[in-house]
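Read the structure below first, then the notes.
The values are calculated or read from the model by the stated rules, or taken from the named source; none is laboratory data. Everything quoted here is computed from the prediction, not taken from an experiment. Neighbour counts run over all protein chains shown; Cβ positions are idealised from the backbone, glycine included. Accessible surface is based on the protein model in full, side chains and every heavy atom, while ligands, DNA and RNA are left aside. Shrake-Rupley method; radii C 1.70, N 1.55, O 1.52, S 1.80 Å.
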Amino acid sequence: MKIAKIYLGIIFILACISLEAQEVRIKASIDTNRILIGDQTNLNFELIQPKSKTVIWPIFTDTISSHIEIVQKGKLDTVDLGSGKISIRAKYLITSFDSGSFTIPAMEFIYDLKSDSTFSKSATNSLLLNVNTLAVDTTKAFKDIKGIKGEPYTIWEILRIVLPIILILGLIGFGIYAYRRYKANKPIFNMFTKPLPSADVEAISSLNELKDKNLWQNNAIKSYYSELTNIMRRYIERRYDFPAQEMVSSEIIGSLSNEDLSKDLVEKTEEILQTSDLVKFAKYEPLGNVNDAAIKWAYNFVNSTKEITQDKEAEK
Amino acid sequence: MEETTDIRELNERIKSESSFVDLINMEMGKVIIGQKKMVESLMIGLLSDGHILLEGVPGLAKTLAINSLAGAIDAKFSRIQFTPDLLPADLIGTMIYSQKKEEFAVRKGPIFANFILADEINRSPAKVQSALLEAMQENQVTIGDTSYKLPSPFLVLATQNPIEQEGTYPLPEAQVDRFMLKVIVGYPSKEEEKLILRQQIKNEKPKTNAVLKPEDIVKARAVVNDVYLDEKIENYITDIVFASRFPDKYGLSNLAGYISYGASPRASIFMAKAARAYAFLKRRGYVIPEDVRAICADVMRHRVGLTYEAEAENITSVDVINEILNTVEVP
């Protein structure tokens with residue numbers, strides 16, 4: 001008899017465990033059952049089921065009933081409860097634009113769907129949602145509906161408008177700059193180049209270098225006159241702003257004659273340029289004193305024609 | 001290789017050998033008033049064995065200048081008026097059957113002369129132009145099976161009229177390229193025009209006297225060939241020609257859209273030859289950059305092809321050449 005009682009007890013416990021494992025429980029709740037018209041609240045579902053079971057949720061469209069609308073469908077949130085059970089929670093944001101008391105009907109969840117189309121089901125409890133309107137003070141005059149109130153602009157919204165304008169204006173500006181540089185036959189990207197020394201400083205430095213090379217003393221007379229005339233052409237071009245490097249000697253003299261220079265200096269320049277042409281193009285070999293006089297003329301020319309403003313700056 | 005030419009000695013030689021230039025200028029001056037540039041270009045062509053194409057509106061003494069130059073040199077001169085019905089045989093000659101001798105005999109055409117004035121060359125069809133241009137290139141013509149050498153000096157001076165283009169046959173680029181110089185003849189100045197008027201109303205018809213022989217020209221050409229051309233000048237010439245072909249490489253990207261094709265190697269050759277002749281005319285035994293610049297436009301203007309964009313913007317080949325000269329660095 002005692003043994004029989006023990007057996008019965010074991011069978012009862014196993015049966016209870018088995019029933020517990022098969023159980024599917026569904027619960028619906030609402031954050032608040034009293035809202036103002038147009039206000040929103042959450043409709044929550046919590047499904048507790050065995051892991052192994054497949055439960056079919058009811059299909060929600062955009063409404064629950066003719067008075068209750070679904071604003072947003074939340075994602076399913078699954079939590080493992082242990083002992084072969086899981087909890088699946090879902091949130092639906094609902095609202096209503098009619099006043100009154102509305103029932104959220106019981107929702108059926110289907111499981112244990114078999115091949116002979118029989119199934120088990122579990123339903124939620126039905127809920128009541130009270131939708132209230134605002135109390136209207138009829139003693140006061142009615143006012144018109146207010147317009148849509150604009151939100152204040154954020155920095156990002158301002159930048160989203162301003163930045164493209166700045167970018168477009170910048171591109172147009174760069175386009176104009178690039179076109180002008182292109183037309184003037186100058187490189188487009190030279191804004192970051194180092195500023196050049198003044199024309200006279202550059203010329204004197206180049207003349208010093210030329211002197212140190214001792215070219216004519218080493219029989220490189222042609223190179224000596226070529227370099228000398230190149231230095232002076234560059235100086236004249238920068239100092240008087242005419243393209244001396246692309247001009248022939250007679251053109252340079254013609255242009256210098258129009259500048260405020262002494263007659264002697266122009267005549268001496270002409271003489272040196274003619275000598276240079278003879279050396280460069282006619283294999284002429286002047287005497288040493290002529291070669292020396294040529295560089296002396298160059299120093300003298302630069303010193304007597306350098307811009308006065310530069311002297312003033314140096315004095316300061 | 002070291003050049004052994006003594007420039008001082010050459011200068012002296014040129015000073016003595018070029019005295020005839022003044023004589024020719026004097027004789028030409030009797031007939032032609034003004035047009036110094038045109039006369040100078042004719043002399044350059046004469047001294048450097050290059051043919052010349054003269055272009056200008058009617059009445060600018062193009063034909064008269066060539067006629068007078070031939071008159072100043074005791075040389076055989078032929079004037080050929082190019083017309084649409086002219087045939088190559090009318091120019092170079094043909095084989096004629098002699099019934100008496102019962103054989104074909106050669107009848108040489110007017111091209112067998114020292115100076116040929118091809119008047120209004122663009123009025124004749126391409127086959128006649130080709131016959132002339134072949135003779136210019138080869139200095140010989142073939143009649144039947146035999147080739148005949150043309151006399152030396154042989155100089156073709158062609159004229160064309162830039163207006164009245166209807167019914168003309170413009171010279172193809174390849175044929176224009178054979179002319180060493182293309183000279184644009186402009187109007188005389190007001191003072192020159194007054195002198196022309198006075199001369200003409202007096203009914204005077206001044207004529208040039210022959211002051212030179214063809215042999216003198218051949219001799220002078222040999223001296224011109226000795227005029228020293230330094231490597232720096234050679235570089236300057238090639239830079240100018242290359243700038244017309246690859247303007248981008250010479251900082252002339254603004255010209256790239258205007259040039260459809262650059263100058264041919266003939267431009268470099270003729271520029272060197274013409275610069276030498278110009279230096280000779282200036283009584284110098286060596287070429288300086290001034291000489292190159294003086295002849296550059298005449299040598300290059302018919303060798304630089306322009307695009308439609310250039311034509312639309314009224315940019316001429318001379319504008320392009322001037323831009324090149326103003327950009328290429330002078331040695």
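Once R0 is set to 30 Å, what does the formula 1/(1 + (r/R0)^6) return for the Cβ-Cβ distance between A:Leu81 and A:Lys121, expressed as a FRET efficiency to the nearest 0.05?
Numbers: r = 21 Å, r/R0 = 0.72.
The pair A:Leu81/A:Lys121 has a calculated efficiency of 0.90.
Leaving out ligands, DNA and RNA but keeping every protein chain, what accessible area does A:Phe119 have, in Å² rounded to the nearest 10, with a 1.4 Å probe?
100
Please compare each pair in B:Lys205/B:Lys282; B:Lys108/B:Lys149; A:Lys222/A:Lys296; A:Lys268/B:Lys37 to a cut-off of 21 Å on the Cα-Cα distance and tell me which ones are over it. Don't skip to the end; give the middle numbers.
On the way: B:Lys205/B:Lys282 30 Å; B:Lys108/B:Lys149 11 Å; A:Lys222/A:Lys296 17 Å; A:Lys268/B:Lys37 31 Å.
As for pairs spanning more than 21 Å Cα to Cα, those are B:Lys205/B:Lys282; A:Lys268/B:Lys37.
Give me the percent of accessible area attributable to carbon and sulfur for chain B, probe 1.4 angstrom.
Carbon with sulfur: 50 percent of the solvent-accessible area.
Enter the mean number of other protein chain beta carbons within 10 Å of the beta carbon of each residue in A:277-288, as an integer.
5
Is chain B rounded, prolate or oblate when judged by the Cα gyration tensor, a ≥ b ≥ c being the square roots of its eigenvalues, rounded requiring a/c under 1.5 and prolate requiring a/b larger than b/c?
It is rounded, given that a/c, with a ≥ b ≥ c, falls under 1.5.
What number, in nm² with one decimal, is the all-direction average of the projected area of the convex hull of the alpha-carbon atoms of the range B:227-325?
Taking the Cα atoms of the range B:227-325, their convex hull projects to 5.7 nm² on average.
Mind ranking A:Ser52, B:Ser152, A:Ser206, A:Ser87 by accessible surface for me, highest first, 1.4 Å probe? Mind dumping the intermediate values first?
Working: A:Ser52 105, B:Ser152 80, A:Ser206 35, A:Ser87 0 Å².
Listed by decreasing accessible area, they come as A:Ser52, B:Ser152, A:Ser206, A:Ser87.
Given H placed on each backbone N at 1.01 Å, which residues far from B:Tyr228 in sequence or on other chains put an amide H within less than 5 Å of it?
B:Tyr286, B:Val287
Counting pairwise Cα distances across the range B:144-201, what percent come out greater than 14 angstrom?
On the way: 1245 of 1653 pairs.
Pairs farther apart than 14 Å: 75 percent.
Which whole number gives the average, over all residues in B:317-330, of C-beta atoms from other chains lying within 10 Å of the residue C-beta?
2
Among DSSP beta bridges lying fully in the protein assembly as shown, give the percent that are antiparallel, nearest 5.
Percent antiparallel among DSSP bridges in the protein assembly as shown is about 70.
Hey, what did chain B get for relative contact order, percent, Cα under 8 Å, at least 6 apart?
With pairs under 8 Å counted, the relative contact order is 23 percent.
So if I take the alpha carbon set of the range B:133-260, get Rg, then get Rh from the Kirkwood formula, what is the Rg over Rh ratio?
1.05
Pull up all non-local amide H partners of B:Asn161: gap of 5 or more, or a different chain, and H-to-H distance under 5 Å with H placed in the peptide plane.
B:Asn122
DSSP loop GluC sites (Glu not before Pro) in the range B:152-212 with at most 12 other Cβ atoms within 10 Å of their Cβ, which ones?
Details: sites: B:Glu164, B:Glu166, B:Glu173, B:Glu191, B:Glu192, B:Glu193, B:Glu204; in loops: B:Glu164, B:Glu166, B:Glu204.
Sites meeting the loop and neighbour criteria: B:Glu164, B:Glu166, B:Glu204.
Expressed as a rounded percentage, what relative contact order does chain A have, with Cα pairs under 8 Å and six or more residues apart?
12
Hey, quick one: spin label on B:Lys282, modelled 7 Å out along Cα-Cβ, who in the range B:145-182 has an amide N within reach, i.e. under 20 Å?
Those under the cut-off are B:181-182.
Within chain B, what is the longest stretch that has no trypsin sites (Lys or Arg not before Pro) placed in a DSSP loop and near at most 13 other beta-carbon atoms within 10 Å? Please report the intermediate quantities before stating the final value.
Values: sites that count: B:Lys100, B:Lys101, B:Lys202, B:Lys207.
In short, B:208-331.
For the range A:199-315, place one equal point scatterer on every Cα, skip the solvent, and apply the Debye formula. What is log10 of I(q)/I(0) at q = 0.16, 0.19, 0.20 Å⁻¹?
Taken in order of the listed q values, log10 I(q)/I(0) reads -0.73, -1.02, -1.12.
Residues in the range B:36-73, backbone N under 17 Å from the label point at B:Thr168 (7 Å along the Cα-to-beta-carbon vector): list them, ranges by number please.
Residues B:52-63 fall inside that zone.
What figure in square angstrom, to the nearest 10, would you give for the accessible area of A:Leu273 with a 1.4 Å probe?
10
Among the aspartates and glutamates, select those whose C-alpha is under 18 Å from the C-alpha of A:Lys186, and discard any that sit fewer than 8 residues away in the same chain.
Correct list for A:Lys186: A:Glu237, A:Asp241, A:Glu246, B:Asp248, B:Glu323, B:Glu329.
What are the radius of gyration and Dmax of the range A:32-107, computed over its Cα atoms and given in Å?
Answer for the range A:32-107, Rg first and Dmax second: 14.6, 45 Å.
Simple spin-label model, 7 Å along Cα-to-Cβ: A:Glu285 to B:Glu12 in nm?
Distance between the two pseudo-spin positions: 1.8 nm.
Is chain A rounded, prolate or oblate when judged by the Cα gyration tensor, a ≥ b ≥ c being the square roots of its eigenvalues, rounded requiring a/c under 1.5 and prolate requiring a/b larger than b/c?
Details: a/c = 6.45, a/b = 3.21, b/c = 2.01.
Note, shape of chain A comes out prolate.
Summing -39500 (n - 2.57) over the DSSP H runs of n ≥ 4 in chain B and dividing by its residue number, what mean residue ellipticity at 222 nm do you reach, to the nearest 500 deg cm²/dmol?
-14000 deg cm²/dmol
So what is the orientation-averaged projected area of the protein assembly as shown, using the convex hull of its C-alpha atoms, in nm²? It would help to have the intermediate numbers written out before the result.
On the way: hull surface 312.8 nm².
Mean projected area of the Cα convex hull: 78.2 nm².
Pulled fully out, how much extra length does the chain show between B:Gln81 and B:Asn203, if you take 0.36 nm times their separation in residues and subtract their Cα-Cα distance?
41.4 nm
Given the Cα atoms of the range A:156-231, and with Rh set as the inverse mean 1/r over their pairs in the Kirkwood sense, what is Rg to Rh to two decimals?
My calculation of the ratio gives 1.38.
Identify all lysines with a Cα-Cα distance to A:Lys91 below 16 Å; exclude those on the same chain that are fewer than 8 residues away in sequence.
Answer for A:Lys91, where 16 Å is the Cα cut-off: A:Lys27, A:Lys73, A:Lys75, listed by chain and number.
As a test of the definition: with a 1.4 Å probe, what buried accessible area, both sides summed, do you compute for A against B, in Å² to the nearest 100?
1900
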